[in-house]
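Peer 1: One structure, as structure tokens, below. Some questions next.
The values are calculated or read from the model by the stated rules, or taken from the named source; none is laboratory data. Since the structure is predicted, the reported quantities are computational estimates derived from the model, not experimental observations. Please note: Cβ atoms are built from the backbone with ideal geometry, for glycine as well, and neighbour counts cover all protein chains shown. Side chains are part of the model used for accessible areas, which takes the heavy atoms of the whole protein and leaves out ligands, DNA and RNA. Shrake-Rupley method; radii C 1.70, N 1.55, O 1.52, S 1.80 Å.
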Amino acid sequence: MDAIAKATRQPVRMRGRSYVAFTFGPVVPIAGWLEEIDATLARSPGFFVGRPVVLDLSAVDLSQSAIAHLVASLEQRNIRVLGFENVDAARLTASMPPLLTGGRHCMLAPSEPKKPEAKPKSASLVLHSPVRSGQSIFSEGDVTVLGSVGSGAEIVACGSIHVYGALRGRAMAGFSGNSTARIFCQKIEAELLAIDGYYQTAEEIDVALRNRPAQAWLEGDIMKIAPLN
Amino acid sequence: MAKVLVVTSGKGGVGKTTSTAALGAALAQMGEKVVVVDFDVGLRNLDLVLGAERRVVFDLINVVQGVAKLSQALIRDKRLENLWLLPASQTRDKDALTDAGVGSIIAELRTRFDWILCDSPAGIERGAMLAMRYADEAIIVTNPEVSSVRDSDRIIGMLDSKTVKAERGERVEKHILITRYDSGRASRGEMLSIDDILDILATPLLGIIPESQDVLRASNVGSPVTLNNAASAPARAYTDAVRRLMGEAVNMTVPIERRGLMNRLLGRRAA
């Protein structure tokens, strides 16, 4: 019997868990502070829905009835008070939310609609066929072309551009302000090269470089083009 | 299995219509059943080059709009019984062509012919787009000059993106046909070389048609050059191109124009 009785006794399970709550620090006059709350609610009505609040009463000295009145005022505004901080426990009644201690400061996420999975996109683009005249390619990362880029074609990349063939069209790397982006090609016959807004047209590219493998990069405000070897 | 072939270039005046007529006639001479379709609505020329301009009653637009049946609009060549022409309308413009209408005509032609050669208008607008829309293969006519080559590059890009085949994820087989090639000027560096052209276009070569008075002469008498003077250099080049099109391995040579009395005396096999 004893053994059975022991077996049926369920131990009470307790686990620690921590939550993040908003802490309000009411200031005197309380009526003015409540108006501020109302103003916040008017801007974003659903802001406090489902978010319990802790009241930090360190800045005010409120009587038991004043505390009860404050809790009621907040409940009218659909704000649930989870507990109190920095107040004498004697001033709280049994029906009021409990006194909380040991709260630690933490950074709250600035706003609710956070981008879902803000992981950086691996936006580099590999093209297996030549880029033909009239085509325009855009990528937020690097662009690699396994072929030529025709005269009148255009490649725009936020990263670097690699062309394993002749580059006869326009190549614009570091488009969104990336001055470390580079342009590489097997054969340079480009109409225009640009990195982070600095550009050189075909006329300005050294004739000695023509038809050779080359790379272009930015040194300060100057675009450098050198043979690749 | 019928093949739809578009003859296109982007640039005008490079020899699309002449080449369509010459290739169509050469295919028909080999016993294939061929129809050449003129898509240059408003500026039709294929009927003239084929010498059928006085027999046009109904045209492509009439068929698209349901005014005439396809069989009423098709014109049979008088010299080659396997060669047919579907002429364009001269009084309308390209807006009269509809995607669905062209699609149904091509589908119907597929049931009747071995080869459907679509002669594209110049440009990249509606007429040119619809001419290439249903093609299985494309012949890109290119002259050895930079403007023509760049336009061809543009057209190749469109063949890879705007055709029904491309939209289904398949590839339109493409061939480069170089026309008006003058080996003398090319060797003097006054023209792009064949290698330069193929390097830029990265597409296989179907043939090299030499610049020749025979081509102009044939057009003026309303006869495809392959029919008018089959022994001429351009005619042989077109015939070789057609044999390659049919899967034969033919050595790529640049046919040389025989000029002058000495060459003629030296025999006809000089080239």
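Peer 1: Could you check how many residues of the range A:153-172 are away from chain B (no Cβ under 14 Å), under 29 Å from the mean Cα position of the chain (by Cα) and of a type outside the set (S, T, Y)? Reasoning before the result, please.
Peer 2: So in the range A:153-172, the residues away from chain B (no Cβ under 14 Å) come out as A:156-162, A:171-172.
After this cut, where a residue has to be under 29 Å from the mean Cα position of the chain (by Cα) as well, the list is A:156-161, A:172.
Those still in the list that are of a type outside the set (S, T, Y) too: A:156-159, A:161, A:172.
Final tally of qualifying residues: 6.
Peer 1: Hey, another quick one. Could you identify the single residue in B:R126, B:R154, B:R110, B:R171 that is of a type in the set (K, R) and under 30 Å from B:S187 (Cα atoms)? If you could, list the steps in order and put the result at the bottom.
Peer 2: Values: B:R126 fails: under 30 Å from B:S187 (Cα atoms); B:R110 fails: under 30 Å from B:S187 (Cα atoms); B:R171 fails: under 30 Å from B:S187 (Cα atoms).
Of the residues listed, the single one that is of a type in the set (K, R) and under 30 Å from B:S187 (Cα atoms) is B:R154.
Peer 1: So which residues in the range B:14-44 are over 12 Å from the mean Cα position of the chain (by Cα) and under 25 Å from B:V149 (Cβ atoms)? If you could, list the steps in order and put the result at the bottom.
Peer 2: The first filter runs over the range B:14-44 and keeps only residues over 12 Å from the mean Cα position of the chain (by Cα), leaving B:28-34, B:40-44.
Hits for the range B:14-44 are B:D40, B:L43.
Peer 1: Name the residues in the range A:179-207 that are without any contact (Cβ under 8 Å) to a residue 40 or more places away in the chain, open to solvent by 50 Å² or more (accessible area, probe 1.4 Å) and not hydroxyl-bearing (S, T, Y), would you?
Peer 2: A:R182, A:Q186, A:K187, A:G197, A:E203, A:E204, A:D206, A:V207
Peer 1: So which residues in the range A:147-169 are at pLDDT 95 or above and open to solvent by 30 Å² or more (accessible area, probe 1.4 Å), if there are any at all?
Peer 2: Within the range A:147-169, A:H162, A:Y164 meet the criteria.
Peer 1: Oh, and also: Here are B:S148, B:S152: which of them is closer than 30 Å to B:I106 by Cα, crowded, with 21+ Cβ neighbours inside 10 Å and either free of Cβ contacts under 8 Å to residues at least 12 places away in the same chain or within 15 Å of the chain's Cα centre (by Cα) (or both)?
Peer 2: On the way: B:S148 fails: either free of Cβ contacts under 8 Å to residues at least 12 places away in the same chain or within 15 Å of the chain's Cα centre (by Cα) (or both).
Just a single option satisfies the conditions, and that option is B:S152.
Peer 1: Mind listing whichever residues of the range B:161-180 are open to solvent by 60 Å² or more (accessible area, probe 1.4 Å), free of Cβ contacts under 8 Å to residues at least 24 places away in the same chain and farther than 22 Å from B:G247 by Cβ?
Peer 2: Scanning the range B:161-180 gives B:E167, B:R168, B:G169.
Peer 1: While we're here: Please state which one of B:L227, B:L206 is under 24 Å from B:V4 (Cα atoms), more than 14 Å from chain A (Cβ to nearest Cβ) and modelled with pLDDT under 95.
Peer 2: Only one candidate qualifies: B:L227.
Peer 1: Can you name the residue in the range B:127-158 that is farther than 23 Å from B:I194 by Cα and in a loop (DSSP other than H, G, I, E, B) and is also nearest to the other protein chains (Cβ to nearest Cβ) among such residues? Steps first, please.
Peer 2: Applying the first criterion (farther than 23 Å from B:I194 by Cα) to the range B:127-158 yields B:127-136.
Right, trim to in a loop (DSSP other than H, G, I, E, B) and you get B:134-136.
Working: B:Y134: 21, B:A135: 17, B:D136: 19 Å.
Result: B:A135.
Peer 1: Determine whether B:A131 is under 26 Å from B:G10 (Cβ atoms), modelled with pLDDT under 95 and open to solvent by less than 30 Å² (accessible area, probe 1.4 Å).
Peer 2: Here the answer is no, as B:A131 does not meet what is asked.
Peer 1: Would you mind telling me which numbered condition in (1) open to solvent by 10 Å² or more (accessible area, probe 1.4 Å); (2) within 14 Å of chain B (Cβ to nearest Cβ); (3) closer than 17 Å to A:I137 by Cβ A:F175 fails?
Peer 2: (2)
Peer 1: Identify all residues within the range A:86-101 that are open to solvent by 80 Å² or more (accessible area, probe 1.4 Å) and hydroxyl-bearing (S, T, Y); write none if there are none.
Peer 2: If the condition is that a residue be open to solvent by 80 Å² or more (accessible area, probe 1.4 Å) and hydroxyl-bearing (S, T, Y), then A:S95, A:T101 are the ones that fit.
Peer 1: Working carefully through the options B:S187, B:S183, find the one that is over 21 Å from B:K16 (Cβ atoms), open to solvent by 70 Å² or more (accessible area, probe 1.4 Å) and either within 20 Å of the chain's Cα centre (by Cα) or of a type in the set (S, T, N, Q) (or both).
Peer 2: B:S187
Peer 1: Scan the range B:187-207 for residues that are part of a helix (DSSP H, G or I) and over 20 Å from A:N211 (Cα atoms) and jot them down. Before the answer, list the steps.
Peer 2: We begin by selecting, within the range B:187-207, every residue part of a helix (DSSP H, G or I); these are B:187, B:194-201.
The one that is part of a helix (DSSP H, G or I) and over 20 Å from A:N211 (Cα atoms): B:S187.
Peer 1: Can you tell me how many residues in the range B:159-174 are within 8 Å of chain A (Cβ to nearest Cβ) and of a type in the set (A, V, I, L, M)?
Peer 2: Residues flagged as within 8 Å of chain A (Cβ to nearest Cβ) and of a type in the set (A, V, I, L, M) within the range B:159-174 amount to 0.
Peer 1: Among A:L62, A:L74, which is the only one that is buried (at least 17 other Cβ atoms within 10 Å of the Cβ) and assigned to a helix (DSSP H, G or I)?
Peer 2: Just a single option satisfies the conditions, and that option is A:L74.
Peer 1: Pick out the one residue from B:T98, B:T8 that is open to solvent by less than 50 Å² (accessible area, probe 1.4 Å) and touching a helix residue (DSSP H, G or I) at 6+ places or on another chain (Cβ under 7 Å). Steps first, please.
Peer 2: On the way: B:T98 fails: open to solvent by less than 50 Å² (accessible area, probe 1.4 Å).
That would be B:T8, the only listed residue that is open to solvent by less than 50 Å² (accessible area, probe 1.4 Å) and touching a helix residue (DSSP H, G or I) at 6+ places or on another chain (Cβ under 7 Å).
Peer 1: Please verify whether B:R126 is open to solvent by 60 Å² or more (accessible area, probe 1.4 Å), in contact (Cβ under 8 Å) with a residue 12 or more places away in the chain and touching a strand residue (DSSP E or B) at 6+ places or on another chain (Cβ under 9 Å), treating the condition exactly as stated.
Peer 2: Answer is no for this residue.
Peer 1: With respect to B:A68, determine if the residue is aliphatic (A, V, I, L, M), open to solvent by 30 Å² or more (accessible area, probe 1.4 Å) and either farther than 25 Å from B:S219 by Cβ or not in a helix (DSSP H, G or I) (or both).
Peer 2: No, not satisfied.
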